[in-house]
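The values are calculated or read from the model by the stated rules, or taken from the named source; none is laboratory data. Quick caveat: nothing in here was measured; it's all calculated off a predicted structure. Here the Cβ is made from the backbone with ideal geometry for all residues, glycine too, and neighbour counts use every protein chain on show.
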Amino acid sequence: MMPGLILETCDQGERNALSDAMEVMVRAFDPVFGEAWTLSQLSGVMLMPGTWLTVARIDAMPLGFALVRSVLDECELLLLAVDPLWRGRGVGETLLRDSLRTARRRGITSMNLEVRSSNNAIRLYEKTGFEYVHRRPGYYRGNDGQLHDALSFRIDMLA
């Protein structure tokens, strides 16, 4: 883990964590793709049982976050974002591996995710052990009207 990097996980809509996630979201998601969530969407998901948000910080500065929702023994990585100035330094991998550890501690046996087919994070998911499941052609519509395929990935976690 990167020296000085602190991960803070919350299960409820803790105001500072939501604010920090939104701060990262604005910088991390390219508006062309229309993938960034609103504060209302993020707050609404945080009210759902089995959802947790982990924010990565150095000092008080948020660098990235992971949002996971679980149901029974499965979970889905809903969002993983890293500030563009901090990409390539292990922040995303640290958040992803921490999300997997948290899921295992909660008795979850598999994690799923879906990602735009041109997203560079695919390399991270494959490196971490996620396996390609299927493609959804034209699933995402960017703000420019262009369609993008979605790729589904899954990792099975044995306790």
Open item on the list: surrounded by 18 or more Cβ atoms within 10 Å (Cβ to Cβ) and without any contact (Cβ under 8 Å) to a residue 24 or more places away in the chain: is that true of Trp86 in this structure?
Closed with: yes
Open item on the list: of a type in the set (Lys, Arg) and over 13 Å from the mean Cα position of the chain (by Cα): is that true of Arg69 in this structure?
Closed with: no
TODO: Could you please find all residues in the range 85-141 being part of a strand (DSSP E or B), under 26 Å from Leu72 (Cβ atoms) and either modelled with pLDDT under 95 or under 14 Å from the mean Cα position of the chain (by Cα) (or both)?
DONE: Met111, Asn112, Leu113, Glu114, Val115, Tyr139
Open item on the list: Within the range 99-154, take every residue that is of a type in the set (Phe, Trp, Tyr) and touching an Asp or Glu at 6+ places or on another chain (Cβ under 7 Å) and give me the one that is surrounded by the fewest Cβ atoms within 10 Å (Cβ to Cβ).
Closed with: Tyr139
Open item on the list: Here are the criteria: (1) of a type outside the set (Val, Ile, Thr); (2) without any contact (Cβ under 8 Å) to a residue 24 or more places away in the chain; (3) not in a helix (DSSP H, G or I). Tell me which single one Ser19 does not satisfy.
Closed with: (3)
